[in-house]
Amino acid sequence: MTTIAPPATSPSATSNSTTAGTSTGALDFTQNFNTFLTLLTTQLQNQDPLSPMDTNQFTQQLVSFSEVEQQIDTNNNLQQLIQLQSAGQTLAAMPLVGDQIEYNKAQAPLQGGAASYVYTLPSNATQTTLLVQDASGNVVYSAPGETAAGAHSFAWNGQTSSGQQLPDGGAYTLSVVASGKGQSTITPTVQAIGTVSSVSVENGTPTFDVDGISVPMSALVTVLQNHGTSTSSN
């Protein structure tokens, strides 16, 4: 008897499938199953009455196809749940439009002639340098930074090291270069602050638009409501 193997699936592959991938899998499954039934019917019609075919093989294949069908249905249901969850998170974040947020990203927009950051030194440093880079990676500003361990705020006034005022707009990245005793390297963490202009869903992830900078909701650190009142994020 000619056998047709059902399409191969695995938990890891199906869990990462998109809606388009799931639809394609369902179409392939239907085509394979219809072909299998056509061949099976033809074989049953033309089998030797004195030597009937073994039913165990096609019974096992029917069971396999049934398992694949259930997996596809499960994936479809999970995809719908993920979409509903993303939509719910987006709606919940809508009231944050117009508020300032602190987020885990070193990029901040230049708004009102200023860009704000928070950098944290894990230990005391002997020397710290703050570098502000534009979207092309050019260093437009540099200055000494704080050396004590802990969190430090840095408000850049949008001026280059030569005193030229840059126009609002664009994303600027803060890099913090720090060293400790014996010129040992210290790795600070950097967060940025900006005002949320809109909330949307990008690739299934609720995302804040901070003056052109996309910030996934998972990167949210603190909500500075009414541009002053701090509310920590879970």
Query raised in the report: Pulled fully out, how much extra length does the chain show between VAL177 and GLU67, if you take 0.36 nm times their separation in residues and subtract their Cα-Cα distance?
Result: 34.0 nm
Requested in this report: In nm, give the distance between the simple-model label positions of THR126 and ALA143, each being 7 Å from the Cα along the Cα-to-Cβ direction.
Outcome: 2.5 nm
**Report entry** region 97-232, Rg to Rh (Cα coordinates; Rh as Kirkwood inverse mean 1/r)
**Finding:** 0.99
Query - Gyration tensor (alpha-carbon) shape descriptor, region 153-216, a/c threshold 1.5 - result: oblate
Query raised in the report: Relative contact order (percent) for region 97-232, with alpha-carbon contacts under 8 angstrom and 6 or more residues of separation?
Result: 36 percent
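Readers should treat all values here as calculations from the given coordinates under stated rules, not as data from a laboratory. Given the structure is predicted, the values throughout are model-derived calculations rather than measurements. Ideal geometry is used to build each Cβ from the backbone, glycine not excepted, and the neighbour counts take in all protein chains shown.
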